[in-house]
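Let me begin by presenting the structure, written as C-alpha cells, before commenting on it.
Nothing in this text is a laboratory measurement; each read-out follows from the coordinates by a stated rule. Given the structure is predicted, the values throughout are model-derived calculations rather than measurements. Note that each Cβ is placed from the backbone with ideal geometry, even for glycine, and that neighbours are counted across all protein chains shown.
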Amino acid sequence: LKCFYFYISPACPSSDRHLATMPHIEQEMRLDFKDVLIRPKRSALASRSQVSIEREFTFPNSKQTWSGVPIVAANMDTIGTFQVAAVLAQRKCITAIHKHYTVDEWKAWATGPGKDIVQYVAVSTGILARDMEKLADILKAVPALKMVCIDVANGYSEAFVECIRDVRKTYPDVTIMAGNVVTKEMTEELIFSGADIIKVGIGPGSVCTTRKQTGVGYPQLSAVMECADAAHGLGGRIVSDGGCTCPGDVCKAFGGGADFVMLGGMLAGHEECAGETVEQNGEFFKVFYGMSSDTAMKKHAGGVAEYRSSEGKTVKVPYRGSIDETIRDLHGGLRSACTYVGAATLRELPKRTTFIRVTQQLNNVFTESTKVNPTVQVPPSTKRQKTE
C-alpha cells in the first residue's frame, strides 16, 4: 500500500485544493514538419503516373461515403469561397466554404454554378444559437449538402462537444468535420459525440498568432500522428489543419497518418481567392488574414471585443495567378513522394513512411528572390486596385 501526501495551504479555498499541485512537464520531444524528412525506400513503381492519390472513406457516424483527393481548402473568408470550390472540385478536392455567405447566396450558387459540385464542399458554422439557425436554413435550402464543418478555435470546451451532439442528433446522415484539437483524448471524445472527421491543429497556421498570444499549442506532426492513432482506432478520420508551407509538408502530414490535409496560406494570393488585390511598386498582392485577426473581427463583428485579443495577423501575399496550377503542383508532389517510398496509392503512404530527424531541410544558397527568369503573375487589368 502506497500513501501519497500533499501539502495544502490553509489559505487555499477548499474548492481550489484539487488544483494545488505543481505544473507538469512532459519530457518527450514533439516534432513539427520542419524537424523530419521521409526516408526513401525501394520502389517497384516506374512512373509517378502509376500513383493514385484518391481516397474513399465511409464515415463512422454519418455512414456517408466520400471519394476524391483529400485536400481541403480552409474555411477562411479569403480561401473558402465558391470561386475556389469551382476550381478545386475539378481536381476532386474539398472546399470548406466560409460561414459568412448568406442563405440566399447559397441558394443561388447551389442552383447555378455549384449544382454539380456540392459533394466537394462543406458548409461551415460556429456553435452559437444564431449559427445553428443559419445552418438549419442552409441545409434546408441546399439538401444536397452532406458535410458540415463545425469550427472553433478551442475544441476543448464543453459547449463545443454539446453542439456536436446536437448537430449529430438533428442531422444523423450529415458528415461532421469538427475541431480544433491536438490530443488523443479529445479526438476520441469528439468522435464519440458524433463527429466523423477531427480537425487537428492549434496555432500552426501562417496567419495564426494563438501560440504567441496564449502560449498554447502542439507541434503539428506529433499532433497528427497521435490524433490519427486515436481516431483510426474508432473508425474516425482526421484532417491536419495548418502548418504546411510547401508540398513536402503536405506529404509529411499524409505520411504521419492524416486522412485529409486542410490548407490556408498555401492557397492564398490566387485569382479565385477573395480579398483586395493591391499594386505596390509595380508588383501585385492580395490581402490575406487570419479569422481571429483584427481585420476579420472588424469586418464581421465590428471590432475586437473588450474581453479578448486578436489571435491572427494580416499580410499581403504576392499575386499567384490561378489556383489550379498550385493544386496541380501539389498533386504532383504527392505522387512523387509516393514513388520515393513505393506507395502505389495515397492510402499506402503512412504504412510506407519512416521519418528521420534532421537539422536542415533545404539548401537555401539560392533563395526565391535570386531565381533566374522568375515568372511574374499579373492580375486581369479590370481587377487591379492601386494603393498608396
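As an exercise, use a Förster radius of 22 Å and the Cβ-Cβ distance of D116 and K140 to find the FRET efficiency, rounded to the nearest 0.05.
That gives a FRET efficiency of 0.60.
Tell me, what HN-Hα J-couplings in whole Hz come from the Karplus equation 6.51 cos²θ - 1.76 cosθ + 1.60 at θ = phi - 60° for each residue of region 24-34, using x for Gly and Pro?
9, 10, 7, 7, 5, 5, 9, 10, 10, 4, 5
Could you check the spin-label model distance between T359 and K41? Points 7 Å from the Cα along Cα→Cβ, value in nm.
In this crude label model, T359 to K41 measures out at 2.8 nm.
Label-point separation (nm) for T58 and E158, each offset 7 Å from Cα along Cα-to-Cβ?
If labels sit at T58 and E158, their model points lie 3.7 nm apart.
Which value does Rg/Rh take for the chain over its C-alpha atoms, Rh per Kirkwood?
That ratio is 0.99, to two decimals.
In terms of Cα to Cα distance under 12 Å, which aspartates and glutamates are near enough to K184, apart from those fewer than 8 places away along the same chain?
Output for K184: E226, D229.
Would you mind checking which residues have amide H under 5 Å from G257's amide H? H placed 1.01 Å from N; only 5 or more apart, or other chain.
none
How big is the dipole moment of the chain about its Cα centre under a simple scheme where the beta carbon of each Lys and Arg is +1, that of each Asp and Glu is -1, and everything else is neutral? Debye, nearest 20, please.
860 debye
Which pairs in the list K134/K199; K115/K140; K63/K169; K92/K169 are over 18 Å apart, alpha-carbon to alpha-carbon?
Violating the 18 Å limit, Cα to Cα: K134/K199; K92/K169.
Take each uninterrupted DSSP H stretch in the chain, measure its Cα extent along the helix axis, and return the ones at 27 Å or beyond whose mean Kyte-Doolittle hydropathy is at least -0.5.
323-341
Would you kindly compute the Cα radius of gyration of region 116-169 and its largest Cα-Cα separation (Dmax), both in Å?
My reading of the Cα-based Rg and Dmax gives 11.6, 37 Å.
When only alpha-carbon atoms are used, what values of Rg and Dmax, in angstrom, describe region 208-353?
17.9, 54
Dividing the convex hull volume of the Cα atoms of region 71-202 by its residue count, what figure in Å³ per residue is obtained?
Residue-normalised Cα hull volume stands at 97 Å³.
Ranked from highest to lowest mean number of other Cβ atoms within 10 Å per residue, what is the order of the peptides 51-60, 228-237, 75-84, 26-35?
The packing order, highest mean first, is 75-84, 228-237, 51-60, 26-35.
Calculate the length of the line joining the C-alpha centroid of region 315-336 to that of region 190-267, in whole Å.
20 Å
Please identify, among G201, G269, G342, the residue showing maximal mean-square fluctuation in a Gaussian network model of the chain using a 10 angstrom Cα cutoff.
In the Gaussian network model the winner is G342.
Please list, ordered by chain and number, the residues whose modelled amide H lies under 5 Å from the amide H of G312; skip anything fewer than 5 residues away on the same chain.
Counting only residues 5 or more places away or on other chains, the set is T209, S293, D294.
Remind me, relative contact order of region 75-154 in percent, using alpha carbon pairs under 8 angstrom and six or more residues apart?
Reported as a whole number, the value is 30 percent.
Can you compute the label reach from Q27? Point 7 Å from Cα along the Cβ direction, backbone N cut-off under 19 Å, restricted to region 209-235.
No residue qualifies, since no backbone N sits under 19 Å from the label point.
Among G265, F57, P380, whose Cα projects farthest towards the positive end of the dipole of the chain, with charges put on the beta-carbon of Lys, Arg (+1) and Asp, Glu (-1)?
Of the listed residues, the answer is F57.
Where does the Debye-calculated log10 I(q)/I(0) of region 155-223 sit at q = 0.12, 0.13 Å⁻¹, using only Cα point scatterers of equal weight, no solvent?
-0.34, -0.39
Beta carbons within 10 angstrom, averaged per residue: use that to sort the peptides 107-113, 333-339, highest first.
333-339, 107-113
If contacts are Cα pairs under 8 angstrom and at least 6 residues apart, what is the relative contact order of region 130-224 in percent?
Relative contact order of region 130-224: 23 percent.
Compare S322, S49, S240 in a GNM of the chain, Cα atoms joined below 10 Å, and give the one with the largest fluctuation.
Greatest mean-square fluctuation among the candidates belongs to S49.
Taking amide H positions as placed 1.01 Å from N in the peptide plane, with prolines and chain starts having none, which residues 5 or more places from G205, or on another chain, fall under 5 Å of its amide H?
Sorted by chain and number, the residues that satisfy this are G243.
Per-residue ellipticity at 222 nm for the chain, helices alone: DSSP H runs ≥ 4 residues times -39500 (n - 2.57), over residue total, nearest 500 deg cm²/dmol?
Helix-only estimate at 222 nm: -8500 deg cm²/dmol.
Say we join alpha carbon atoms closer than 10 Å with springs in a Gaussian network model of the chain; which of V69, V142, V304 then has the biggest fluctuation?
In the Gaussian network model the winner is V304.
Within region 240-353, what is the number of lysine pairs with alpha carbons under 24 Å apart, leaving out pairs fewer than eight places apart on the same chain?
Final tally of qualifying lysine pairs is 9.
Before anything else, pin down the relative contact order of the chain: Cα pairs under 8 Å, at least 6 apart, normalised by residue count, whole percent.
Over the chain, the number comes to 20 percent.
Ordered by packing density, taken as the mean number of other Cβ atoms within 10 Å over each peptide's residues, highest first, how do 203-213, 152-162 rank? Display every interim value, and only then the final one.
Working: 203-213: 20.5, 152-162: 16.4.
Ranking the peptides 203-213, 152-162 by packing returns 203-213, 152-162.
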